[in-house]
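See below for the structure under consideration.
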Amino acid sequence: MGTGIRGARLLVVAATHGNERNAAWLLEQWSRRPELLASADLPLELVIGNPAAYAENRRYLDRDLNRSFVPSLLADPARQEREIQRARELLAAHGPEGQAPCAVAVDLHSTTSAMGNSLVVYGRRPADLALAAGIQARIGLPVYLHEADAAQTGFLVERWPAGLVIEVGPVPQGLITARIARQSQLALEAACATLAAARDRSLRLPAGLTVHVHHGSLDLPREAAAEGPGQRPSATLHPQRQGRDWWPLAPGDPLFWSPDGGVQVFDPAAAAAVEARPDPGARWPVFINEAAYGEKGIALSLTHRERLVCEPAWGEALTALMAA
């Protein structure tokens, strides 16, 4: 893309979940007309993550592809689910030791939650934090730092030396809208600009990075089903909480609402049972009522806000990857 293409390859993945259509639609446009994307002359690999699920407009076929990059699953020859096979294909093609290796992966997603344009970082790898800080400094996106959650592992970007998720919402599953597509592109362009600065050894990080650190997740209240397996929700998100991702949730705030008008408020003591980092203060919920998370027993995830000091080692790690 452009005439001065150089530096390490960037893997851009869309439709890791096949019913998230906006980024995949953009990727198809960029593949035909590279000039539509301000790529800062980075060499890009544009890939549909789960083409089989994308063709059927389904999140996945056998299992969630974005939970299939667990090393033990990938190494087990008995595991032949289609998403695990696809994870192996992606690593063989573009992993660090692949045929066309990429140093950084950016995974483009959309959500039914009111997350706006945001970033998801898994753990605290220095290069990941540098990339997030560079994007946040350019366009001010909030960052969800997901860690210490044994129930949610195997994310795509974790198998590359650096990477993060761009998450945009709200948008219904399967729907393409100009606003969501445009926000996805703006965030990717900010990522490209940050990576190009690292490649050129001109990356200047801000003084700090604001993150929302994962505590744990809450499910809806449930009651035993009258027939059949599972439990049915006995309440839904309270209207004062619905759509308020990134807004603080204080003890005593309305959280769940039942058809009889009953209200359940947020109780930090009860939440502490599912939190990796119990905290007496306010939480900032994210992924509120994400449609795809019902099967995972997640109505919202709880975070606390933290300000990290940008360390020189972060930028050095990203520069080492991009300038190699």
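Read-outs: derived from the displayed coordinates by stated rules, not from any lab. From a predicted model like this one, the values you see are computed outputs, not experimental measurements. Glycine gets a Cβ as well: all are built from the backbone with ideal geometry, and neighbour counts include every protein chain shown.
Just a few scattered comments:
- For the peptides 196-204, 6-14, the ranking by packing is 6-14, 196-204, with the highest mean count of neighbouring Cβ atoms within 10 Å listed first.
- Helix content alone sets the calculated 222 nm mean residue ellipticity of the chain: runs of n ≥ 4 DSSP H residues at -39500 (n - 2.57) each, divided across all residues, give -7500 deg cm²/dmol.
- Distance between the modelled labels on Q99 and E158, one decimal in nanometres: 2.7 nm (7 Å Cα→Cβ projection).
- Placing a pseudo-label 7 Å from each Cα along the Cα-to-Cβ vector at R277 and N57 gives an inter-label distance of 4.0 nm.
- Rounded to the nearest angstrom and listed largest first, the equivalent-ellipsoid semi-axes of the range 218-302 from its Cα gyration tensor are 21, 14, 13.
- Under the shape rule built on the C-alpha gyration tensor, where the axes satisfy a ≥ b ≥ c, the chain is prolate, since a/c reaches at least 1.5 and a/b is greater than b/c.
- Alpha carbon centroid spacing (whole Å) that separates the range 259-292 from the range 69-110: 34 Å
- R204/A224 FRET efficiency (R0 41 Å; Cβ-Cβ; nearest 0.05): 0.10
- FRET efficiency, A250 to S31 (Cβ-Cβ, R0 51 Å, nearest 0.05): 0.65
- Counting only Cα atoms, the range 168-234 measures 63, 31, 16 Å along its principal axes, largest extent leading.
- Distance cut-off 25 Å, percentage of C-alpha pairs in the range 104-228 lying past it: 30 percent
- The value of relative contact order for the range 218-302, using C-alpha pairs under 8 Å at least six residues apart, is 31 percent.
- Cα-based convex hull, the range 1-105, per residue volume (Å³, whole number): 96 Å³
- Computed over the chain: relative contact order in percent, which uses C-alpha pairs under 8 Å that are six or more apart: 20 percent
- Using only Cα coordinates, the Kirkwood hydrodynamic radius of the range 80-130 works out to 13.4 Å.
- On the basis of the beta-carbon distance and an R0 of 30 Å, Q85 and E295 show a calculated FRET efficiency of 0.90.
- A simple count of charges around R79, restricted to other residues whose Cβ falls under 15 Å of its Cβ and scoring Lys, Arg +1 and Asp, Glu -1, yields -1.
- Toward the positive end of the charge dipole of the range 218-302, with +1 on the Cβ of Lys and Arg and -1 on the Cβ of Asp and Glu, the farthest Cα among S234, L300, A270 is that of L300.
- Beta bridges per DSSP with both ends in the chain, % antiparallel, nearest 5: 50 percent
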